[in-house]
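Right, I'll just put the structure down here and ask away after.
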Amino acid sequence: MNLLRVKAESCLRLLESTTAPSFTSDINWLNDFCAEFLKLSNAVQIHMGMQFDYENIEMICLCSTQIVICIRHLEQTINLESASGLRISASHQHFIERIRVCLKRMWACFGESSSAQISCVEGASFFQLLDSLLDSLSAFTSFFESTNQHAENLFDLSKEIKTQIDLLLGQTLSFANVALQQDKKALSALCQKVMRDGSAFQEECQACSSGRNSNYANQKLKALTLESGLSQLETYINEALLRLVFNCFIDFQKISVDKIRNILRTEHVATADEYIADFDVNLDRATQIGVFAIAFAPSLKLKTLVRSCLASFEYLDTSLIPSLYANAADLHSELLEQHYNEEVSKFKCAIQQIIDSHAMVGCYMQLLATGIEAAEKHFDKTQLDDLTLMGFIILEHFKPSVNQKQLTPQAQENLKKFVTILRECKAILMCAAQVETQRILKRFKILRSTLRNLHGCLAAAEKKVDAAPTNAIATSENCANEGLLINLAASPTSSILYDTRRHRNRSLTQQSMPQAEPFIRAKPSECIRRKQSLRTAMFKRQNIFENHKQPSIISSHSASLEISDILEQLTSLTNSFSAGQQVK
């Protein structure tokens with residue numbers, strides 16, 4: 001471990017000598033740094049799986065990926081400087097500072113007690129808390145006769161359940177803060193229901209422990225009611241999450257950096273502020289989507305990819321927009337824009353690989369049906385344009401090979417028909433002013449019919465299809481008890497990697513709010529679900545239950561594959577730098 005620290009310190013020393021008098025010197029320095037970091041990565045690969053726990057392996061892979069990304073963009077910066085003859089100091093500082101942060105985080109992971117460096121909040125996802133809660137509740141829903149000692153233990157466990165509920169609802173509120181407007185009220189009502197059920201369950205447990213009431217059947221009933229409320233919350237979050245994915249991906253297209261730059265050039269500051277506010281909201285939405293996706297990524301490589309994208313968004317969130325305000329035509333802002341667009345593309349592709357195809361198509365089918373019904377009452381071309389864009393998101397979903405493999409020959413045929421009619425819908429909307437609305441709606445109804453056939457093929461191809469439970473709570477439920485949530489703060493948005501100014505400000509605003517202690521009764525990897533969750537139909541989790549039975553240490557083989565990919569990228573970088581140096 002000391003050897004790894006020494007190599008990391010060697011890389012950090014090289015970062016301190018980044019000031020160069022010429023572009024050729026920059027290339028030489030970058031080539032030297034890349035070679036030094038390659039030595040560090042080789043050494044990490046040797047120790048991987050033997051001296052690191054799972055959390056540190058994840059952090060090392062994330063930092064290594066971020067460093068490779070920054071190296072590539074430093075190369076582009078140097079090449080652009082060479083072509084333009086201008087020094088882009090801000091870009092150098094941006095990427096070098098990120099490399100420095102990543103190296104320091106890696107250096108901390110190489111310590112003897114490095115596991116303490118990883119925040120426990122990062123390791124407790126919504127669904128891990130939910131799994132732990134359901135496991136805890138199983139102790140109350142499965143027993144019939146208990147001794148007084150057993151009752152006392154169960155009361156202690158009930159207090160732990162209350163703490164876990166507070167944490168779970170805190171994360172739910174964090175998601176609700178960025179959810180679509182129509183989902184906010186339903187999520188609020190569901191949180192209130194879980195809080196009421198949790199309070200009733202806690203009171204019943206207290207009564208049983210104090211001897212005032214030894215009716216354990218009532219206790220079991222309250223536990224079952226709480227479990228049902230948690231299942232409803234999980235179901236609705238799954239549905240709301242898929243709807244959010246469609247809207248987030250559309251906004252990535254609508255609220256582009258280039259559009260903000262053009263608005264700033266025309267000096268329409270008020271309009272630019274609106275776009276920037278929407279831009280910030282969409283990044284927050286992408287972060288919430290990514291946090292959920294990380295929990296279900298089937299491999300370390302895909303999980304690292306999503307986390308890397310979120311880390312890039314995290315740092316760009318505090319530097320990209322200010323660069324546009326400083327000078328909308330500056331080369332630095334163009335470099336950051338290119339970086340942002342690449343990360344968005346990778347993020348969307350990774351999310352598409354994690355989301356289940358059957359659930360994705362089913363969500364779009366519901367959105368399409370709702371949109372057609374609304375258009376029949378009041379025709380809105382903009383709304384239909386959005387539905388068309390969502391259709392192209394479905395096409396993007398089936399581009400990755402892992403999703404194409406799910407398509408049977410019949411499903412492939414239906415997908416081709418869907419593509420044809422989707423293009424017709426787009427074409428007829430382009431001349432909507434000259435076409436009757438009924439003809440336009442007819443095309444969308446055919447699109448819905450074709451989509452239904454595709455959805456049926458995907459459903460038939462699945463070996464096991466979970467029956468979706470009915471939602472017992474409607475979005476129109478009375479929210480008169482919103483005061484129940486007043487003392488429950490949303491979980492503060494934890495830093496993915498970088499401690500940016502925006503993250504620090506958010507943390508300061510949360511310090512005065514009451515926060516529950518981060519406690520989990522059992523490690524997520526040790527929790528074995530009593531029953532299969534609905535989200536197995538929402539996400540690709542073919543091997544998740546088998547993996548939960550294994551120790552919480554990643555195999556050296558899979559970790560080596562991840563590091564090998566990074567090393568391969570580094571090798572190609574050093575070769576390109578050496579070639580560039582010879583040309584100059």
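The values are calculated or read from the model by the stated rules, or taken from the named source; none is laboratory data. From a predicted model like this one, the values you see are computed outputs, not experimental measurements. When we count neighbours, we look across all protein chains shown, and the Cβ atoms used for this are built from the backbone with ideal geometry, even at glycine. In case anyone asks, the SASA skips ligands and DNA or RNA and just uses the protein heavy atoms, side chains included. Shrake-Rupley method; radii C 1.70, N 1.55, O 1.52, S 1.80 Å.
Conditions: (1) surrounded by fewer than 19 Cβ atoms within 10 Å (Cβ to Cβ); (2) closer than 20 Å to GLN253 by Cα; (3) of a type in the set (A, V, I, L, M). VAL402 meets all but one. Number of the miss?
Looking at each condition in turn, VAL402 falls short on (2).
Limited to segment 320-337, what total is found for residues that are more than 19 Å from ILE263 (Cβ to Cβ) and open to solvent by 20 Å² or more (accessible area, probe 1.4 Å)?
Here is the first cut: in segment 320-337, the ones more than 19 Å from ILE263 (Cβ to Cβ) are 331, 335.
Retained after the next criterion (residues that are open to solvent by 20 Å² or more (accessible area, probe 1.4 Å)): 331.
Selection size over segment 320-337: 1.
For residues in segment 72-94 being open to solvent by 50 Å² or more (accessible area, probe 1.4 Å) and closer than 19 Å to SER319 by Cα, which is farthest from the chain's Cα centre (by Cα)?
ARG87
Now for a separate question. Please identify the pairs in which a residue from segment 240-262 that is over 16 Å from ASP273 (Cβ atoms) has its Cβ atom under 9 Å from the Cβ atom of a residue that is aromatic (Phe, Trp, Tyr) and open to solvent by 10 Å² or more (accessible area, probe 1.4 Å), counting only partners at least 6 apart or on another chain.
Between residues of segment 240-262 that are over 16 Å from ASP273 (Cβ atoms) and residues that are aromatic (Phe, Trp, Tyr) and open to solvent by 10 Å² or more (accessible area, probe 1.4 Å), the close pairs are LEU241/PHE292.
So, in segment 419-436, how many residues would count as being open to solvent by 60 Å² or more (accessible area, probe 1.4 Å) and assigned to a helix (DSSP H, G or I)?
Kept after step one, since they are open to solvent by 60 Å² or more (accessible area, probe 1.4 Å), are these residues of segment 419-436: 420, 423-424, 426, 430, 433-434, 436.
Now drop any that are not assigned to a helix (DSSP H, G or I), which leaves 420, 423-424, 426, 430, 433-434.
So the answer is 7.
Okay, moving on. In segment 438-447, what count of residues is obtained for those that are touching a residue at least 60 places away in the same chain (Cβ under 8 Å) and open to solvent by 60 Å² or more (accessible area, probe 1.4 Å)?
Residues meeting the conditions: 1.
Sticking with this structure for a sec: Return a yes/no flag: does segment 411-418 have any residue that is surrounded by 14 or more Cβ atoms within 10 Å (Cβ to Cβ) and more than 12 Å from LEU454 (Cα to Cα).
Scanning segment 411-418 turns up no residue that is surrounded by 14 or more Cβ atoms within 10 Å (Cβ to Cβ) and more than 12 Å from LEU454 (Cα to Cα).
To keep it simple, each residue is scored yes or no on (1) in contact with a strand residue (DSSP E or B) (Cβ under 6 Å, 6 or more places away or on another chain); (2) at pLDDT below 90; (3) open to solvent by less than 30 Å² (accessible area, probe 1.4 Å); (4) more than 14 Å from GLU234 (Cα to Cα).
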| position | (1), (2), (3), (4) |
| --- | --- |
| ASP166 | no, no, no, yes |
| PHE175 | no, no, yes, no |
| ALA179 | no, no, yes, yes |
| ARG196 | no, no, no, yes |
| GLN206 | no, yes, no, yes |
| SER209 | no, yes, no, yes |
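Further, regarding this structure: Identify, from the list TYR216, TYR236, the residue that is of a type in the set (Ser, Thr, Tyr) and under 30 Å from LYS348 (Cα atoms). Outline the logic, then answer.
Values: TYR216 fails: under 30 Å from LYS348 (Cα atoms).
Result of the check over TYR216, TYR236: TYR236.
Got a number for residues in segment 222-262 being open to solvent by 50 Å² or more (accessible area, probe 1.4 Å) and under 12 Å from ASN282 (Cβ atoms)?
2
Which residue out of SER136, SER132, SER119 is open to solvent by 20 Å² or more (accessible area, probe 1.4 Å) and modelled with pLDDT under 90? Step through it out loud before you land on a result.
Working: SER136 fails: open to solvent by 20 Å² or more (accessible area, probe 1.4 Å); SER132 fails: open to solvent by 20 Å² or more (accessible area, probe 1.4 Å).
Being open to solvent by 20 Å² or more (accessible area, probe 1.4 Å) and modelled with pLDDT under 90 holds for just one of SER136, SER132, SER119, which is SER119.
Taking the stated definitions as given, is LEU407 open to solvent by less than 30 Å² (accessible area, probe 1.4 Å) and assigned to a loop (DSSP other than H, G, I, E, B)?
So LEU407 passes the test.
Could you run through segment 44-60 and say how many residues are in a helix (DSSP H, G or I), over 13 Å from TRP107 (Cα atoms) and in contact (Cβ under 8 Å) with a residue 24 or more places away in the chain? Write out each step before concluding.
Taking segment 44-60 and keeping what is in a helix (DSSP H, G or I), we get 44-47, 54-60.
Checking which are over 13 Å from TRP107 (Cα atoms) leaves us with 45-47, 54-55, 58.
If we keep only those that are in contact (Cβ under 8 Å) with a residue 24 or more places away in the chain as well, we get 45, 47, 54-55, 58.
So the answer is 5.
List pairs: first residue in segment 169-197 and under 17 Å from ILE289 (Cα atoms), second residue at pLDDT below 95 and open to solvent by 50 Å² or more (accessible area, probe 1.4 Å) anywhere in the structure, Cβ distance under 6 angstrom, at least six positions apart or on different chains.
Note: pairs meeting the criteria are ALA176/LYS184.
Let me ask something additional. Filter segment 335-360 down to residues that are farther than 19 Å from PHE292 by Cβ and either among the hydrophobic types (A, V, I, L, M, F, W, C) or modelled with pLDDT under 95 (or both), then give me how many there are.
Here the count works out to 2.
I'd like the residue in segment 263-313 that is in contact (Cβ under 8 Å) with a residue 40 or more places away in the chain and not in a helix (DSSP H, G or I) and, out of all such residues, is most open to solvent (accessible area, probe 1.4 Å).
Applying the filter and picking the extreme gives PRO298.
For segment 338-345, indicate whether the set of residues that are over 16 Å from ASP251 (Cβ atoms), assigned to a helix (DSSP H, G or I) and open to solvent by 30 Å² or more (accessible area, probe 1.4 Å) is non-empty. If you could, list the steps in order and put the result at the bottom.
We begin by selecting, within segment 338-345, every residue over 16 Å from ASP251 (Cβ atoms); these are 338-339, 342.
This time we only want the ones that are assigned to a helix (DSSP H, G or I), so: 338-339, 342.
From what's left, open to solvent by 30 Å² or more (accessible area, probe 1.4 Å): 338, 342.
Within segment 338-345, one or more residues are over 16 Å from ASP251 (Cβ atoms), assigned to a helix (DSSP H, G or I) and open to solvent by 30 Å² or more (accessible area, probe 1.4 Å).
Looking at (1) modelled with pLDDT under 95; (2) small (Gly, Ala, Ser); (3) under 23 Å from LEU241 (Cβ atoms), find the lone condition where ALA329 falls short.
In the conditions (1) modelled with pLDDT under 95; (2) small (Gly, Ala, Ser); (3) under 23 Å from LEU241 (Cβ atoms), ALA329 misses (3) alone.
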